[in-house]
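What follows is a structure written as structure tokens; I'll ask about it next.
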Amino acid sequence: MHNIKDLAGAVRTGHAATPVLRGSLLTELDLKRIIKFIPVLICLCHPTSDRDVDAMIDDGARSVQEIGRKCGAGTGCGMCVDELRDRLTAKGANSCSRDCSSDLVSVRSRT
């Protein structure tokens, strides 16, 4: 098994040629551990990580607007709105019919 901190550090710093990664295959379990170890930014306009969003949902946020009021995510370019909705749905917290309406249009391009 790989040392997770070494793997995460190599991934975070972009040193793909690090001996820890060179010549070794990462297992699915290794990748899951790395992903859990390193927070992922969901919103770049208002830097918000996946952990931040999950904590807001756990604390009672039930719509993209509520998340936006708490941290700003989803209020900029709109690229993160689908991810915010997916996270709300995955946690069974998406109860706002106005926010989830299928007639809403994303501001991101569909190319």
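The values are calculated or read from the model by the stated rules, or taken from the named source; none is laboratory data. In this text the structure is predicted, and so the values were computed from the model without any measurement. Calculation scope for accessible area: heavy atoms of the full protein, side chains included, ligands and nucleic acids excluded. Shrake-Rupley method; radii C 1.70, N 1.55, O 1.52, S 1.80 Å.
If you scan the range 47-81, which residues turn out to be open to solvent by 50 Å² or more (accessible area, probe 1.4 Å) and in a helix (DSSP H, G or I)?
Of everything in the range 47-81, those that are open to solvent by 50 Å² or more (accessible area, probe 1.4 Å) and in a helix (DSSP H, G or I) turn out to be ARG51, ASP52, ASP58, GLN65, GLU66, ARG69, LYS70.
Related question: Would the range 38-49 turn up any residue that is among the β-branched types (Val, Ile, Thr) and modelled with pLDDT under 75?
Checked against the condition, which is being among the β-branched types (Val, Ile, Thr) and modelled with pLDDT under 75, the range 38-49 yields no hits at all.
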